[in-house]
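What follows is calculated from the coordinates using simple rules that are stated; it is not laboratory data. The structure displayed is predicted, hence computed values, not measured ones. Virtual Cβ from ideal backbone geometry, glycine too; neighbours counted across all protein chains shown.
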Amino acid sequence: MTGEFKIYTKTGDDGTTGLVGGSRVKKFDLRLESYGTVDELNACIGVIRSYEIDGEIKKQLHQIQHKLFNIGSRLASDEKGEEYTASLLVKNEDIEMLEKAIDVFNEQLPDLRNFILPGGELSAAQCHVARTICRRAERRILEFAEQAPVQSELIKYMNRLSDYLFVLARKLSFDKGVEETTWEY
């Protein structure tokens, strides 16, 4: 991005916002719910990165944040804007990165035999919050996909990301010696 970036434009004072490509929609539009929830997830992952956690995990989370920004940009693009954001597509390699990380984490963890309650160590608890936001983002995106085309890999990425965040929560608790609390039914 070049030049000065003005924080307030006053163009949204009428309850609309501009999409990448120039069209305007209401701020409660399902498209905005989709990319707004992705933005909320990105902020939550930023909180996780602020904790004292393994440097390699911080790098993964940083990469995920960039990918989420790309996803938000794609979702915020109208037909005309798609040419500007075409290079921001989710690739199979992005999904595979999450899957590989999940597999590596799982190799280090005890087998999961029960549902676990969200909580534990603070960074792990924040991962559980991020996971639930990710699931909500996925639901909003799927709903939006009923109205407009959404890249299938983008949807897969969001689904896999929630799995990643769940396993990451387990790993962070395990690494810090905090026992998981299982659901008692």
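Output the residue which, of all residues in region 133-185 that are of a type in the set (V, I, T) and in a helix (DSSP H, G or I), is nearest to V47 (Cα to Cα). I'd like the intermediate steps shown before the answer.
Within region 133-185, the first condition is being of a type in the set (V, I, T), and the residues that meet it are 133, 141, 150, 155, 167, 178, 181-182.
Now drop any that are not in a helix (DSSP H, G or I), which leaves 133, 141, 155, 167.
Working: I133: 13, I141: 23, I155: 23, V167: 17 Å.
Looking at the filtered set, the residue picked out is I133.
Here region 69-94 is the region considered, the condition is being surrounded by 20 or more Cβ atoms within 10 Å (Cβ to Cβ) and touching a residue at least 40 places away in the same chain (Cβ under 8 Å), and the residue that is farthest from the chain's Cα centre (by Cα) is S77. Please verify whether region 116-139 includes one or more residues that are over 16 Å from E180 (Cβ atoms), out of contact with any helix residue (DSSP H, G or I) (no Cβ under 6 Å at 6 or more places or on another chain) and free of Cβ contacts under 8 Å to residues at least 60 places away in the same chain. Looking for residues that are over 16 Å from E180 (Cβ atoms), out of contact with any helix residue (DSSP H, G or I) (no Cβ under 6 Å at 6 or more places or on another chain) and free of Cβ contacts under 8 Å to residues at least 60 places away in the same chain, one finds at least one in region 116-139, hence yes. Taking the criterion of being under 19 Å from N159 (Cβ atoms) and of a type in the set (D, E), the residues of region 59-95 that qualify are E93, D94. Just one of the listed residues (S123, S162) is in contact with a Phe, Trp or Tyr (Cβ under 7 Å, 6 or more places away or on another chain) and either on the phi > 0 side of the Ramachandran plot or buried (at least 16 other Cβ atoms within 10 Å of the Cβ) (or both), and it is S123. Restricting K10, K58 to those that are charged (D, E, K, R) and surrounded by fewer than 12 Cβ atoms within 10 Å (Cβ to Cβ) reduces the list to K10.
Only residues that are in contact with a Pro (Cβ under 9 Å, 6 or more places away or on another chain) and not hydrophobic (A, V, I, L, M, F, W, C) were counted in region 96-129, giving 1.
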